[in-house]
Amino acid sequence: MLRDRLLVSALLFISPLCFAQDPPPWPCADQVTSGVEPVRVSAGVSAAMAEKKVLPDTSDLKGTKANSTVVVRILIDKSGVVRCAEGVQGDPGLFQRSQDAAMQWHFKPYLLYGRPLNVATSREFVFKKNKVTAH
């Protein structure tokens, strides 16, 4: 019984050390953070904060079968302006148009104890045939 407890305790202590990975650094984090890490917010929470949403341009994709989900990491400053967007997953051919669209989004400031914070989150752009949706 004691041995089982010790084993579980050891696994709980060691697992985060072995498997935890820091996310890759942001290419433009210095533009937003000024020495303070941005708060990570889930895509669902940030979607509720979005005031202006822009979808990627698909006018030149007519007749093609672009079926992909592109994930874009974004950094939002204290005023709700997107300062950086980086495609991290999906079809690399769709990264630039997804990043350009994400840069045009605007969010309500994220407040913690009444103070606005810089935010790190992500957006998903789903390309299906000639339509795009954002999640």
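Please count how many residues of region 34-76 are under 17 Å from ALA101 (Cα atoms) and part of a strand (DSSP E or B). Residues flagged as under 17 Å from ALA101 (Cα atoms) and part of a strand (DSSP E or B) within region 34-76 amount to 12. When region 77-133 is filtered for residues that are small (Gly, Ala, Ser) and part of a helix (DSSP H, G or I), the ones remaining, listed by number, are GLY93, SER98, ALA101, ALA102. In the set (1) under 23 Å from VAL132 (Cα atoms); (2) at pLDDT 90 or above; (3) out of contact with any Asp or Glu (no Cβ under 8 Å at 6 or more places or on another chain), ASN67 fails one condition alone, (2).
LYS53 meets the conditions (1) among the basic types (Lys, Arg); (2) modelled with pLDDT of 80 or more; (3) surrounded by fewer than 13 Cβ atoms within 10 Å (Cβ to Cβ) in every case but one. The failed one is (3). For region 81-109, the tally of residues that are crowded, with 18+ Cβ neighbours inside 10 Å and within 14 Å of the chain's Cα centre (by Cα) stands at 14.
Pick out the one residue from LEU61, LEU117, LEU112 that is in contact (Cβ under 8 Å) with a residue 12 or more places away in the chain, over 16 Å from the mean Cα position of the chain (by Cα) and within 25 Å of GLU37 (Cα to Cα).
One residue alone meets the criteria, LEU112.
Could you grab me the full set of residues in region 112-135 that are exposed (fewer than 12 other Cβ atoms within 10 Å of the Cβ) and of a type in the set (Lys, Arg)? Matches in region 112-135: ARG115, LYS131.
The values are calculated or read from the model by the stated rules, or taken from the named source; none is laboratory data. Keep in mind that this is a model prediction, so the values were computed, not measured. Every residue, glycine among them, receives a Cβ derived from its backbone with ideal geometry; neighbour counts consider all protein chains shown.
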